[in-house]
Amino acid sequence: MATEIDREENKALEMRATRLATEEYKKRLDLLCEVGKKLGSVSGLTQLVEQITQMTQHTLNAAASSVLLLDDQEREFVFQVAEGQARKDLRQARLSTEFGIAGWVVRHGKPLIINDVNQDKRFNKVVDAFTGFVTRSVMCAPLVVHRKVIGVVEVLNKVDGSGFDEQDLAVLMALASTAAIAISNARLHQAVLDGYRSTVKALAATIDAKDPYTRGHSQRVMEYARMGANSLAFSSDELQTIEFGGLLHDVGKIGIDDNILRKSGDLTIEEWLVMHQHPLIGANIIGEVPFLEKARDIILYHHERYDGAGYPAGLKGGDIPIGARLMAVADAFDTMTTDRSYRAARSVDDALSELAKRSGTQFCPVAVEAFVSGFKKHQEMLTQSPSAGRHNYR
């Protein structure tokens, strides 16, 4: 009788263990599906790798995780992103592929589970010595695209103190496969974006060259607008739009007669009417270019005024896109602080005071506040000289 009861209890325990294992397996599958969805929606490499490391750490219940991408020219790893206690310390770290567990994984193209690193000669203690993090166990998988290893993803120390197992490794390998393709695509996207950026900068330089007094104007306006956008916590896509919009905000001046652009005296009414056409001309020029579509409104409306007295549409207040409102502030600040044919540059303090004076009438108060905040932070950074050295661990 006791034997029969024992059998029933064992069977119940086995069923419970099977159910828990099934639930855990389903949970991890769901997380992997979520990883795939999120990775597919991210185009920026840094943001993408951050997503990978965060999800890896969460999925595998690890204390820390990192993605190391391979620098082919120097045969070194770069800590693209690290999550966990040593995150900040590892930003500048580089590792030789000739040493360490990650190096072994890259050279052999195979994953590893090591649940007691002190018993493995491949473990490199230098990184722990630098960061203060104590590594007990490591699981590391290669990131492979078209049979080429581009880096590794690794997790350290189970939070509950247990070791990594084959089921954990299966999850990591599945995640690494998805992540490797996503990283490769992000790099291709970045290469295309860099090509676009070079083209836009060349076009902006052509515009500025029409007037020797405005040389560099488009680049500076873009940088000023980004300062304000950073203060408003714009997304990476929104910042990209600000960059293109800033560089090309005056692209319509290509269609304005040089005699008007370079006139040293006051413009006549007729000449001002011609000048007022440059936002429309610019918007029409870039209107058919797909990757510049989002920047069109910035170019079209950067001369609108907050009180509605601007051009070309007479928009008012919040009806003006926030990017165009930021651009109006950035454009005015650069115009005031650079020499022109008709006057000398004003001081920075004078220009900031003028922006504050015109806040709520000519300029959007939010845009002015954001620019001033971003500009002052930038100035503070310039006065500091951080020694962000490059660390090599071999």
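We did not get these values from a lab; they are worked out from the coordinates using the rules stated. Everything numeric in this text was worked out from a predicted model, so none of it was measured. Heads up, the Cβs are rebuilt from the backbone with ideal geometry, glycines too, and the neighbour counts pull from every protein chain shown.
Quick notes on this structure:
- By the count of neighbouring beta-carbon atoms within 10 Å, fewest first, SER65, SER347, SER96 end up ordered SER347, SER96, SER65.
- Relative exposure of HIS303, HIS146, HIS249, judged by other C-beta atoms within 10 Å (fewest first): HIS146, HIS303, HIS249
- Relative contact order for the range 93-175, counting Cα pairs under 8 Å that sit 6 or more residues apart, in percent: 28
- The range 140-185 versus the range 92-121: alpha-carbon centroid distance in Å: 13
- Ordered by the count of other Cβ atoms within 10 Å of each Cβ, fewest first, ILE183, ILE254 give ILE254, ILE183.
- Potential lengthening of the chain between ASP71 and SER235 amounts to 56.3 nm, from the contour at 0.36 nm per residue minus the alpha-carbon distance.
- Shape of the range 209-383, Cα gyration tensor, a/c cut at 1.5: rounded
- Here the simple spin-label model places points 7 Å from the Cα toward Cβ, and for LYS121 and SER184 these points are separated by 3.5 nm.
- Entry for the range 265-306 at q = 0.20, 0.22 Å⁻¹: log10 I(q)/I(0) = -0.65, -0.72, Debye formula applied to identical alpha-carbon scatterers, no solvent contribution.
- Pairs beyond 25 Å (Cα-Cα), from LYS253/LYS357; LYS253/LYS377; LYS125/LYS148; LYS263/LYS377; LYS316/LYS357: LYS253/LYS357; LYS253/LYS377; LYS125/LYS148; LYS263/LYS377
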